[in-house]
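K.L.:
Here it is: the structure, laid out below.
The values are calculated or read from the model by the stated rules, or taken from the named source; none is laboratory data. Bear in mind that the values here come from a model prediction, so they are computed numbers and not experimental data. Please note: Cβ atoms are built from the backbone with ideal geometry, for glycine as well, and neighbour counts cover all protein chains shown. Areas reflect the complete protein model, heavy atoms only, side chains present, ligands, DNA and RNA absent. Shrake-Rupley method; radii C 1.70, N 1.55, O 1.52, S 1.80 Å.
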Amino acid sequence: MTTEHTDTAQKPGYRYIGKDRKRVEDPRLLVGRGGYIADLKLPGMLHAAILRSPVPHAWIRSVDATEALKLPGVVAVLTGEDCKAKMNPCMNFGPATIAQYPLAVDKVRYVGEAVAAVVAESRYLAEDGVDLLEVDYEDLPPVTDPMAAMEPESAVLHEEHGSNIGCERTFEFGDVNAAFAGADLVVEDTLHWGRSAGMPMETAGAVAQPGFNGVLEIYCNSLNFSYFAFLIAGALRVPSNKLTMKPVPAGGSFGSKLAAHKVPTLAGFLALRVGRPVSYVEDRIDHIVNSDHHGCDRFYEARMGFRADGTIVGLDIDVVDDYGAYMQFGVGHHGNAFSQVVGPYRFRDVRYRLRAVLTDKCQQGAYRGFGSEVHNWVLERLVDSGAARLGLAPEEIRRRNFIQPDQFPYTIPGGNVYDSGDYPAVLDKALSMIDLDRWRAEQKRLWAQEGRCIGIGLATTQERSVFSSTEFWSLVEKPVLPVTSSPESATVTIDPTGQFQLLLHCQSMWGNSPETVGATVLAEEFGIPPESVNVRYADSAHALPSTGPGGSRYTVMVAGAIRGASRKLRKKLIHIAAHTLDVAAEDLELVDARVQVRDAPETGLTLAELAGTAYFFALSLPEGMTSGLEESYTYDHPYTTLPAPDGSDFGVFYPIMGHACHIAVLEIDPDTGIPSFLDYVAVHDAGTIVNPKSLGGHVTGGATQGIGTTLYEELAYDGDGQFLSSTFRDYLIPTAGEVPPFRIGHVETPSPFTEYGIKGGGEGGRMVAPAAVSAAIDDALREYGMRVRQLPVKPSDIVAAIRAGTVRA
């Protein structure tokens, strides 16, 4: 797999922003000095291993730890009963009637759920201790089919909740019945998006130790601690000022570590119980079966109405979402979908019925796209269906429905606002890169002459970025809290010699290039080499308000925070220089790490000279100025509004809107059903690009994961609730051999609301690849009547469709 970039344009007026730059994180990673949580060793540290449930649904009658505790080196065995007695339930944004602890209490609700923890002198001994535990289960009927789970006669997962429907709501904006009554064409489809998940190179892990003054310290490679630490403290019954969470580098997240709270909560609980440091790091099976971060698993009945000219008039969604055994985020995944419910199109009438169902499976969490990628796949499936029925080319029906550049800012049904965009330009760029006419001619020739099945799939997507009032809140009928906010902070220090330190206030060491972004912004603001910046991370005891990566927000928000702190520092530097040079501050400018007189640039002071004055010569500073050069800034969301009091809209909650168009060309082997890519073009608009190389990496990684979701990856359960894909032998992740060489292009429409005009770009690749690849498969096998309705679409599905189409012919 290779990736080709085109037109990474240099920004006028910017020296570093917009230029291809190597990541400043890479040197330490390339020489193996990035670090993993499992590398962390503390004196006297113990290790934990987990007993996982082998059954999907059962009462826990007893846990017998007698033999395990006899094993030399085993220090303790703890169960859900210990959790229930000595801690509070874990953080929960779902129904209050569904409590969850890091170890199952009273009953297990899916295969792999943690039942007991063994703490021992080594991980090997802890695993041996797990093997000696005896659990008496009283089996209950497994609940695996979400449709059957909603029936009154179904077994219930949570008796306190009373049913297996976690949430049921219907939202309607406009007059959907009238829109469909007036439509010339209504297309309908039954669609299923199967569950897959982010598979970071390093699983979630934590090391906890009781520290000085009764402070519990938790080293953690997951969780945006500055956002969620107080909730961990609450679960552990520890005052929030007695819990310090320390960030540790991690190999990847893809959303899955955004709020991976149970691992650090469990490690902290175990450390408090045994009074010694405890390490708990998920093994790969733990992570796959019990990560709390399976992706969406949705069943749709969907309709879209059209006029005869291809104009979309309305959308009607009825979705059943299989959330698994718990609902830690409530139905926030659908809030994401609502932030871009009409995609890039202009229609106004939308109905959305949601039923969130509880089953005996691992619960959902965040995964790149966080629910909006599923909605986009459904939307684009319907648009393609309408185009086919109306005899319109895929690009033409989209062009006829796009929101136009002069219509921004654009308010969509539900109240969210799209800030800016030029969707026709993105489409035109993609078409110019793919040479569609040549491929369509080749498609016809190869079918006619050689019977080869070539398909071309085109899809577009919105990429919402920078959430505000959270998507967790928007769909809750009776929220218990006001609308939350999601700030980001940065601290910039210039030391006495003029060197820069940047302190970030969240856990962002997940591979999304925070140090490269931070160094680039500081370089832009002060004219210093980006490589000279040293980036550090605060722990929760020192952190300012920050939310961290998630929802394609971090580059936008941290750039705003760094620029805010930089402005304060620039102002102080200029006032020191004005006082020193006896020049009016208005006559000075900061250029290339030097404050100089505008019309006499030979007169000025370097940052090192100014820093020396700031730190060592207070008597030479302007009156009232304090020593030192350090400023912090907390950047709040640049544009958001409250929801309407009567619930008629959600307010502006996800307005910084990117856009993308992917075109996939592939060939299907009709004998094996295996697709192979012949070309793949991805054009994205993420506003002002900070670093094309990093953005290209996001697009490549996201599109690769989208292809995995479409063709390979499946977290499968059988009808009895047994998990079928607990290793990478069964959970198939595409390798470089299965992924095409992406050709990536960019269009830039800067956001009017963010610093530099940056938009988010972390999720876009996965948002659109499934729709493009699905369309390409349909196109390749149109002679056989192929229609992708379920993901992943497997070779066996494709072969079956070909055989059925052959019989019909």
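K.L.:
So how many residues does the range 498-537 have that are of a type in the set (D, E, K, R) and closer than 13 Å to P549 by Cβ? Before you say what the answer is, go through the steps one by one.
P.N.:
We begin by selecting, within the range 498-537, every residue of a type in the set (D, E, K, R); these are 515, 524-525, 531, 536.
Among the residues that remain, those that are also closer than 13 Å to P549 by Cβ are: 515.
So the count comes out to 1.
K.L.:
Sort through T520, T547 and tell me the only one that's in a helix (DSSP H, G or I) and not charged (D, E, K, R). Show your work before the answer.
P.N.:
Values: T547 fails: in a helix (DSSP H, G or I).
The conditions single out T520.
K.L.:
Quick test of your reading of the structure: G414 fulfils all but one of (1) in contact (Cβ under 8 Å) with a residue 40 or more places away in the chain; (2) in a helix (DSSP H, G or I). Name the failing condition by number.
P.N.:
(2)
K.L.:
Identify, from the list E488, E463, E477, the residue that is of a type in the set (D, E), closer than 30 Å to A179 by Cα and in contact with a His (Cβ under 8 Å, 6 or more places away or on another chain). Reasoning before the result, please.
P.N.:
Details: E488 fails: closer than 30 Å to A179 by Cα; E477 fails: in contact with a His (Cβ under 8 Å, 6 or more places away or on another chain).
Of E488, E463, E477, the one residue that is of a type in the set (D, E), closer than 30 Å to A179 by Cα and in contact with a His (Cβ under 8 Å, 6 or more places away or on another chain) is E463.
K.L.:
With the structure loaded, tell me whether L732 is in a loop (DSSP other than H, G, I, E, B) and buried (at least 20 other Cβ atoms within 10 Å of the Cβ) or whether it fails that test.
P.N.:
Values: in a loop (DSSP other than H, G, I, E, B): yes; buried (at least 20 other Cβ atoms within 10 Å of the Cβ): no.
Taking the combined requirement at face value, the residue does not satisfy it.
K.L.:
Go through (1) closer than 29 Å to F650 by Cβ; (2) within 25 Å of the chain's Cα centre (by Cα); (3) of a type in the set (S, T, Y) for T170 and report which single condition fails.
P.N.:
Tallying (1) closer than 29 Å to F650 by Cβ; (2) within 25 Å of the chain's Cα centre (by Cα); (3) of a type in the set (S, T, Y), T170 fails exactly one: (2).
K.L.:
Considering the range 90-133 alone, what residues qualify as being buried (at least 18 other Cβ atoms within 10 Å of the Cβ), of a type in the set (G, A, S) and under 25 Å from H47 (Cβ atoms)?
P.N.:
A104, G112, A114, A116, A117, A120, A126, G129
K.L.:
Also, quick follow-up: Enumerate the helices (runs of 4 or more DSSP H) found wholly within the range 258-372, keeping only those where 2 or more residues are of a type in the set (D, E, K, R).
P.N.:
Qualifying helices (runs of 4 or more DSSP H): 262-274, 284-290.
K.L.:
Mind checking which residues of the range 132-185 are under 21 Å from F723 (Cα atoms) and outside any loop (DSSP other than H, G, I, E, B)? First the steps, then the outcome.
P.N.:
Within the range 132-185, the subset under 21 Å from F723 (Cα atoms) is 135-149, 154-158, 164.
Once the filter is applied, which keeps residues that are under 21 Å from F723 (Cα atoms) and outside any loop (DSSP other than H, G, I, E, B), the range 132-185 yields V135, D136, Y137, E138, D139, P146, M147, A148, A149.
Every residue, every condition in (1) in a helix (DSSP H, G or I); (2) open to solvent by less than 30 Å² (accessible area, probe 1.4 Å); (3) touching a residue at least 24 places away in the same chain (Cβ under 8 Å); (4) under 17 Å from S627 (Cα atoms), yes or no:
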position	(1), (2), (3), (4)
G560	yes, yes, yes, no
A565	yes, yes, yes, yes
H575	yes, no, yes, yes
V583	no, no, no, no
L610	yes, yes, yes, yes
T613	yes, yes, yes, yes
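K.L.:
Evaluate the following for V476: is it of a type outside the set (K, R), under 23 Å from I689 (Cα atoms) and within 28 Å of the chain's Cα centre (by Cα)? Even if it seems obvious, please write down each step before you answer.
P.N.:
Values: of a type outside the set (K, R): yes; under 23 Å from I689 (Cα atoms): no; within 28 Å of the chain's Cα centre (by Cα): yes.
Here the answer is no, as V476 does not meet what is asked.
K.L.:
Consider only pairs whose beta carbons are under 6 Å apart and that are at least six residues apart or on different chains; among these, list those whose first residue lies in the range 126-140 and is in contact (Cβ under 8 Å) with a residue 12 or more places away in the chain and whose second residue is among the hydroxyl-bearing types (S, T, Y) and open to solvent by 50 Å² or more (accessible area, probe 1.4 Å).
P.N.:
D136/S62
K.L.:
Please specify each residue of the range 533-565 satisfying the condition of being among the polar types (S, T, N, Q) and either at pLDDT below 95 or under 22 Å from the mean Cα position of the chain (by Cα) (or both). If you could, list the steps in order and put the result at the bottom.
P.N.:
Quick first cut of the range 533-565, residues among the polar types (S, T, N, Q) only: 534, 540, 546-547, 552, 555.
Residues satisfying the conditions are S540, S546, T547, S552, T555.
K.L.:
Looking at P622, P638, which one is surrounded by 15 or more Cβ atoms within 10 Å (Cβ to Cβ) and assigned to a loop (DSSP other than H, G, I, E, B)? Full working, then the answer.
P.N.:
Working: P622 fails: surrounded by 15 or more Cβ atoms within 10 Å (Cβ to Cβ).
Checking each option against the conditions leaves just P638.
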